[in-house]
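Here, each number is a calculation from the coordinates, and none is a lab measurement. Being a predicted model, the structure only gives us computed values, none of them experimental. Here the Cβ positions follow ideal geometry from the backbone for every residue, glycine too, while neighbour counts run over all protein chains shown.
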Amino acid sequence: MTYSGDVTPGGAPAVRELSGLTVSKLSVGPMDNNAYLLTCRSTGDQVLIDAANEAPRLLELIGGDGLDAVITTHRHMDHWVALEEVVAKTGARALVHADDAEGLPIPAETLTEGDTVPVGDCALEVIHLRGHTPGSIALLYRDPAGTPHLFTGDSLFPGGVGNTDKDPERFAALIDDVERKLFGRLPDDTWFYPGHGKDSTLGAERPALPQWRARGW
């Protein structure tokens, strides 16, 4: 079945096989959050992006092969409700950007711009995107045999950047970072996976960037 990225709360995960990595996208309730399990196809090592909620479903997705780390994209509670239970039952490391570490329910190792997180033989690059929260991050996987893949948390969605509570300084920081660090660095075929809802590509969203900046959200 062709991967579309369409998932619903309580439904089955959408699974995408890349050359070196398997991406399993699961929607958890009650806020339709996306959680992403990344599995290295050569080693079986696994990393979870956002233990958002419904720990039993996440643990079922993880299965018996273990979990190396849980990366939290930002400190908002709907992205870490299941973090403590998942970490306790798997022994995984908890990772978050240093500027959002105080917002998590458990101590976590801190990340910063340019760090890499291994997923077996693969690696995720940490990209700091200020604005939605002080320590929001995106995670970039450069597929050596295909297009880049980008996990954007709540900083970038199809149709706009993340919520900045109508704060002009926060919005300016976020739109500037998204334009410079994502659209300015990565090609149009970059596929991105947001913290809620459907996926998109940078190319599909790029023409709307001036409109997003002009409307201020």
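Assorted remarks:
- Net charge dipole size for the chain [Lys, Arg +1 and Asp, Glu -1 on Cβ; Debye, nearest 20]: 440
- Candidates Ser200, Ser27, Ser42: whichever shows maximal mean-square fluctuation once the chain is modelled as a Gaussian network with Cα springs under 10 Å: Ser42
- FRET efficiency estimate (nearest 0.05) - Cβ-Cβ, Ala145 to Glu85, R0 35 angstrom: 0.50
- Helical content alone sets the calculated 222 nm signal of the chain at -4500 deg cm²/dmol, taking -39,500 (n - 2.57) per DSSP H segment of four or more residues and averaging over every residue.
- Antiparallel DSSP beta bridges within the chain, as percent of all bridges there, nearest 5: 70
- Exposure proxy order (Cβ contacts within 10 Å, fewest to most) of His196, His74, His79: His196, His74, His79
- Gained length - Leu209 relative to Glu169, 0.36 nm times residue gap less alpha-carbon distance: 12.7 nm
- Crossing angle, helix 168-177 versus the chain [Cα axis fit, 0-90 degrees, rounded to tens]: 70
- Proportion of all alpha-carbon pairs of the chain beyond 29 Å (%): 18
- Region 98-208 - Kirkwood radius from inverse mean 1/r over Cα pairs (Å): 14.4
- Per-pair calculated FRET efficiency, R0 = 45 Å: Asp176 and Ala12 via Cβ, rounded to 0.05: 0.75
- Local electrostatic count, Val7, Cβ distance below 11 Å [Lys/Arg +1, Asp/Glu -1]: -1
- Electrostatic tally near Asp177: other residues with Cβ closer than 12 Å to its Cβ, Lys and Arg +1, Asp and Glu -1, net +2.
- Inter-part distance, region 174-216 to region 10-79, computed on C-alpha centroids, equals 23 Å.
- Ranking of His132, His76 by count of other Cβ atoms within 10 Å, fewest first: His76, His132
- Sites Asp65 and Ser4 - FRET efficiency at Förster radius 25 Å, r taken between beta-carbons, to 0.05: 0.45
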